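Chemist: Quick one: the structure is below, and I'll ask about it shortly.
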Amino acid sequence: MADFNQRRAKLYNSRLIRAEVADPAFTAAQDPVTGVSAKLDVEKFVQSREFEIKEFELSKLRSRYSSATRVFQSLPRSLRRRTASHNVRRVPKRLRTRALREMGLLMKEPDGNETKGVDKQGRPSKAKHSRGRELYRLRRQEKLLRYAARLKLSGHLVDGERVNVRNVKMRTKLKELRKRIQELSQRVEPPLNNVCGSVDWTGINERATIDKVSTIRYITRQREFKWLPTHVWHAKRAHMVKRWGWNIAYEPTMKCFRQTSRQSRTKGCIGFDTSFYTTIVLKGDGLGEIVGTLTDGKALGKKYAQNGRIWEGFIQVDDELLCHSMVWWIKNGKECMLRIHPSVYDHVMDYLLSKKDSIEVQDCRYSIGSVTVTGPQALCSLASIIHPSSQTVASQLFGQLSTLNSSAIPLGSAFSFFADDPRLWPRPTKPHAKPSDALESIIQVQSGAGVEVSTMEALFSVEGRVASYAGQPSLKQLGRRRTPDLVGRPIPKADSDPSVPIALVKMQCGFVLLAPWHWVLPFWHQLAHTPHFAIGGLKQLAQLRFEKGELSFADCAFTRAGFVEGLAKAEELEARWAKRPKSKRVNYDKLDEPGSPFGCDWRYLQLLRQKLKQVPPVEDYTGTEFTITQERVIKNKQDVFEAIEDQKEKDRLITALGKPVFTQLPIKLVGLSEQPDTASSQLSVVAVKFSMVNRGHPADNARIYTIPEESYLRWLEEAGKRTILGKTVPVGLECPGKEYLIGYATSATFNLAAGKGTGVGLIDAEVAYDLHAKNRRTFVVRNVASTACYLAEWTLVAV
Amino acid sequence: MQHYKLVKHAPPLKYSYNDSRTVVHIKSSTPFMSAAKRILKNIDYFDHKYTKKGKPIPNQNKLVSYIVVRGMGKAISKVTNLALYFDHELGYKVEVFTKTVEVLDELQSANDDDVYQRRKVSCLELHIDLQKKEPQSES
C-alpha cells in the first residue's frame, strides 16, 4: 500500500509547481542591531523569480512525461506487445494491476470502463459477431448450404456429371446415387495409423504432391505455395514471403540485425525452419554415374561413398552450376540422399526423372523436414530437446559431446539415432554429460560411429517414416496423460508411443536436424522454449553467410536461380524508385552509372569487358562506322559505351518479343588457378570478399573498379594516411572512369563481426588473375549514386 | 604421395551462457585495446550498481570474483601484455596460470579417409580480480 501511495504522491508531485513560500527578499524584518527597517533585497528577489520560472518550465515537462509511459513499455523488447496493449492479459501478471490503473479501470467510476473493448476486469469485451474458428465454421456452413441448393436446382450428381432432372425417374435417381455411394465406400485409401492425421507424402519416381491432408481448412491457402510444418508459429512472429512454391519466413517482426550477429557468434543460438530445402533419396545401381555427373565426380570418393562422410558443395547439370547442396550416402554406393535448394527443384527433378530407368527417385520434399540451429549454444539447445530412445553407441557419443560449444564440432559430423517424442517432457532439459575425452569422441563421430544404420534406413524410407507416425499422440491425449503428480517430470513412455528416426548433421550453416515431416513441429515447439533462442528467416541466413564472408543464395549470380533473384530484386527497387515523385528521387540519368543503378548489371559488365578488348591501341576519333550487319565498329573507348547501349537496345527488343535474351548467363564462375579462357562468350568471374582499408561504408550493388596504373601509388599513400591521433582521413582521389569497372559487390554493408564495412562480390577473372600475379590485393569500391570511393582489400572466396 | 589439406579445429570448449560475462578469449587477431575494453566492460558489469536514489541494487553474481582471460599459442604474448597492462597500469590484481590445451588437427584428403591428429598447445590464463589492489603506501 505504501508503494501505491508513493506512486500517487509522485504523480501529484509531477503536477505541482513549486513556489518559494518564504520569500527571503521580503522576510528581512527590522534589524535588531542597526534598527534599519525591512526593505526589498533585489538580488534575492531576482533569484526567487528565477527559481519559480525554472520550476514552472520543469513542471510542464514532468506532467507530460508522468502520463506518457505505460507499463508495457518498461518490459524487455521481446515481451512488449504494441497490439492489443489494452488487454492486460498481454502484460506479465506482476504488472497487471498497474496496467489496469493506467487504463483507469480500478477507479470506481459510474460506468466502469474507460478503455474501448475491455470490460471492468480488463478482459476483452465480448465480440459483437463470431470470430476465428466459429466465424470460419459459420461461413463454411453457409457456403455448403448455398452449394447444395444450387446442385438441387441444376440437377447435378455429386461428382459433377450433369443430368436433366426432368428426364430422370425417381428409381433411376436412387439407383445412380446408390451406385455412387458404393463406389465411394469401396475406395481403398491407406489407413491412417495415428490420430494427428500424419501422412507420408513421398513421390516415388514422380514429383511428390500433398494429396491427402488432415486439415482441409487450410488447403485452399496452400494451393500454390505450401506451408512449412511450423508455418502457423512463424506467421505470428515473422514476415512471410512466397518463394519457390513455399511460404517461408523472411525476417522476424522484431528488428534483429545485432541480435542475429551476437547470437550466432558469442552467446545463444538461432533457429530456422529449413524444411523448404528439398530432400531426394536416390537408389539403384546406376547411382554412381548420376551422382558423379551432378557433383563432377567429387562425391564419389571412398570417404563419401563407402565411409558415409557428408559431401557439401555445388552441384551441376549440363556444366551449369546449380546450387550449394549436400550428398550423403546411406548405403555403400547403392543409396544416397541429396539435399538441394528449392529454386533448382524442377531442374534437378527433370534430370533425375529422365534417368529413372537406372535409378529409383524418391522425392521427399513433403516428407522429410529440417530445422537448422546455429550459434555457440546450438548443440546444447538441441541436446536439451532430443532424448534418445535407447542407449546406443551413437546416442552415447551425442550425449558426451552435447555440452560442447558448437564451434568445437567439425563440419560434416553426423549423428543419427531414434529419439522419443519431445512433447513427453514438459520443458527442455539441460543435458548432463559425464566427463570424457571430447577429442576421442569427436574422432569417433568423424569416423562414422555417431550414425546408426537402422535409423538412417528408417528416416530415408517410406515404411520407416510411416512407422514413426504409428500411434503419434495428439496434444490432447498427452495432456490427459500428464497427471498432476507428474508436474515438472516427463510423462512415462507408453509402449504405443513411437520412436522418431532423426539425423543431426553439422553443416556450414549450422546444425541441421532432419526428421520426418510431421515430427518437425513437436521438435520446433520444444526448441522455441530453450533459453537464449532466437528465430531467423531467409534474410538472417543471408546475413550470417555475409558476416562469415561467404556467398549466400542471392550472391551466386553465376547460377541461374541467383541471377533471376538479382533481376527480381532490381525490378522491385526500380518500381519503388519510379513510384516516388520526380523531385524526390535520384536522377540516375544524369549520374551516368555504369549499368543499371538498381542492381548488379552483369550483362553490362560482360559487354564492357569484352568490347574494351576490341579498342585498337591507337584510338581513332574520325567518326562512327557500321558494318553491313549494322554493328558498330569499335574505334575508340566512346564507341564501346555506344555499342553497349546498342546491344542493350537489341536485348530490350528481344524481350519485348517475348523471347529469352540469355540462352546462357552472361557470367561464369571460374577459379584463379589458371588463366581464364577469354574466347568464351560468357565473362569469367571470380568470387571475392573485401573489407575497407581505411574508411567507407559499402552498400549492396556497389561498383568495383580496378585502380588505374598511374594513380596506384597515390591511392595506397592516401589510404594509409592517419591523423596524429591515429584516426583515418578521407581519401581525396577521384573515382576511376567507367572503363575501369571490373565487377559488382552483390552484398555489402557494415559487418558487425569485423567491425567495419565488408562485402562479397564477383569480379572479372582476367583482372583478378592479373592483380594476383602482380600481388596487388586492393581495388576501389563506390556505392551507387555516390561520388565517394574507397580502397578495399580483397581475398578470393572458395566456392 | 597423398595430398592432404590441414584443417585446424577449435579446442573442445564447454558451452556455458554465463561464461559470456566472465570469460574472455583472445585471438592473435584481437586488437589489444578491444580486448582490454571488453575485459573492463565485464568487470564493470559485476560492479556494485545503485539506483538513482542511491540504494544498492542486489548483485546476483556474488560468487564471481574474477574475470578469466585466455589465449593460446600465438596469442600468448598478447595475453601477457594484457596482464601487465591490468596489473601495472590499471592496478588490478592479476594471477597468471599456464596451461596445456589439446586440439584436433584434420588432414583432409579429396577421396581417402581423413587423418586426425591431436596436438598440444600452450595456453595462458589470467584471473583478473574484480576489485582493484589497495594503493601501496609509499615508504
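All of the numbers you see were taken from the coordinates with simple rules; none came from a lab. Predicted, not measured: the structure shown is a model, and the values here were computed from it. With ideal geometry, Cβ positions are generated from the backbone for all residues, glycine too; neighbour counts draw on all protein chains shown.
Chemist: Please report, in Å, the Rg and the Dmax of the stretch A:278-363, where both are computed over Cα atoms only.
Modeler: 11.4, 30
Chemist: Return the loop-located trypsin sites (Lys or Arg not before Pro) in the stretch B:46-129 (DSSP other than H, G, I, E, B) with at most 13 other Cβ atoms within 10 Å of their own Cβ; answer none if there are none.
Modeler: Loop-located and lightly packed - B:Lys52, B:Lys53, B:Lys62.
Chemist: Report the net charge of residues surrounding A:Arg714, where surrounding means a beta-carbon distance below 15 angstrom and charges are Lys +1, Arg +1, Asp -1, Glu -1.
Modeler: Net of charged neighbours comes to -3.
Chemist: Taking 0.36 nm per residue of separation and subtracting the Cα-Cα distance, what length does fully extending A:Val393 through A:Arg180 add?
Modeler: Length difference between fully extended and current span is 71.1 nm.
Chemist: Sticking with this structure for a sec: Helix-only mean residue ellipticity at 222 nm, chain A, DSSP H runs n ≥ 4 weighted -39,500 (n - 2.57), per residue, nearest 500. What is it?
Modeler: -10000 deg cm²/dmol
Chemist: Note down the Stokes-Einstein diffusion coefficient of the stretch A:553-796 in µm²/s, whole number, using a Kirkwood radius over alpha carbon pairs, 10 °C, and 1.306 mPa s. Each step should come with its number before you reach the end.
Modeler: Working: Rh = 19.2 Å.
Using the Kirkwood radius from Cα pairs, D works out to 83 µm²/s.
Chemist: Tell me the label-point distance for the pair B:Ile57, A:Asp318, using the 7 Å Cα-to-Cβ offset, in nm and rounded to one decimal.
Modeler: Reported label-point gap for B:Ile57 and A:Asp318 is 6.4 nm.
Chemist: Sort out the exposed loop GluC sites (Glu not before Pro) in chain A (DSSP loop, at most 14 other Cβ within 10 Å) and tell me the longest stretch that has none.
Modeler: Counting at most 14 other Cβ atoms within 10 Å as exposed, the longest clean stretch of chain A is A:225-618.
Chemist: Could you name the lysines whose alpha carbon sits less than 17 Å from that of A:Lys143, not counting residues in the same chain fewer than 8 places away?
Modeler: Within the straight-line cut-off, A:Lys143 pairs with A:Lys152.
Chemist: Show me the three semi-axes of the equivalent ellipsoid for the protein assembly as shown, from the C-alpha gyration tensor (sqrt of 5 times each eigenvalue), largest first, rounded to whole Å.
Modeler: Calculated on Cα positions only, the semi-axes equal 52, 45, 37 Å.
Chemist: Can I ask one more? Using the structure shown, list the pairs from B:Lys78/B:Lys132; A:Lys611/A:Lys721; A:Lys506/A:Lys689; A:Lys434/A:Lys506 with a Cα-Cα distance above 26 Å, or answer none.
Modeler: Long pairs (Cα-Cα over 26 Å): A:Lys611/A:Lys721.
Chemist: Still on this structure, I have one more. Given the stretch A:698-774, what whole percent of its Cα pairs are spread farther than 20 Å?
Modeler: 46
Chemist: Could you tell me which chymotrypsin sites (Phe, Trp or Tyr not before Pro) in the stretch A:657-750 are loop residues by DSSP with no more than 16 other beta carbons within 10 angstrom of their beta carbon?
Modeler: Sparse-neighbourhood loop chymotrypsin sites (Phe, Trp or Tyr not before Pro): A:Phe662.
Chemist: Next question. Over the stretch A:580-646, what number does the Rg to Rh ratio reach, with both radii from the alpha-carbon atoms and Rh per Kirkwood?
Modeler: 1.08
Chemist: On to the next question. Under 8 Å for C-alpha pairs, at least 6 residues apart: give me the relative contact order for chain B, rounded to a whole percent.
Modeler: Worked out over chain B, it gives 31 percent.
Chemist: Going by amide H atoms built from the backbone, whose H comes under 5 Å of the H on A:Ala419, apart from near neighbours?
Modeler: Amide H neighbours of A:Ala419, under 5 Å, 5+ apart: A:Ser389, A:Val500, A:Ile502.
Chemist: Express in nm, to one decimal, how much length is gained between A:Val462 and A:Arg482 on full extension, taking 0.36 nm for each residue of separation and deducting their alpha carbon distance.
Modeler: 4.1 nm
Chemist: Based on the inverse mean of 1/r over its pairs of different Cα atoms, what is the Kirkwood hydrodynamic radius of the stretch A:524-583, in Å? Intermediate values should be presented prior to the final figure.
Modeler: Values: mean 1/r = 0.0697 Å⁻¹.
After inverting the mean inverse Cα-Cα distance, the result is 14.3 Å.
Chemist: Then there is this: Quick check: net charge around A:Phe563, other residues with Cβ under 12 Å of its Cβ, Lys/Arg +1 and Asp/Glu -1?
Modeler: Working: positive: A:Arg560, A:Lys569, A:Arg603, A:Lys668; negative: A:Glu320, A:Asp555, A:Glu565, A:Asp601.
It works out to a net charge of 0.
Chemist: Taking the convex hull of the Cα atoms, report for the stretch A:218-297 its projected area averaged over all directions, in nm².
Modeler: 8.6
Chemist: Report the FRET efficiency, 1/(1 + (r/R0)^6), for A:Ala235 and A:Trp577, where r is their Cβ-Cβ distance and R0 is 25 Å, rounded to 0.05.
Modeler: Step by step, r from the Cβ atoms, then E = 0.25.
Chemist: Using a cut-off of 12 Å between beta-carbons, work out the net charge of the residues near A:Asn405 (Lys and Arg +1, Asp and Glu -1, A:Asn405 not included).
Modeler: Here the count lands on +2.
Chemist: Between A:His772 and B:Asp105, with labels modelled 7 Å along Cα→Cβ, what's the label distance in nm to one decimal, could you check?
Modeler: In this crude spin-label approximation the distance works out to 2.7 nm.
Chemist: Can you give me the distance in nm between label points at A:Asp41 and B:Arg119, each placed 7 Å from the Cα along the Cα-to-Cβ direction?
Modeler: Going from the A:Asp41 label point to the B:Arg119 one covers 8.1 nm.
Chemist: What is the set of long-range amide H partners of A:Arg243 at a cut-off below 5 Å, with H atoms built 1.01 Å from backbone N?
Modeler: A:Ile248
Chemist: Between A:Leu612 and A:Thr787, what is the FRET efficiency for a Förster distance of 25 Å, r being their Cβ-Cβ separation, to the nearest 0.05?
Modeler: Values: r = 23 Å, r/R0 = 0.91.
Approximately 0.65, to the nearest 0.05.
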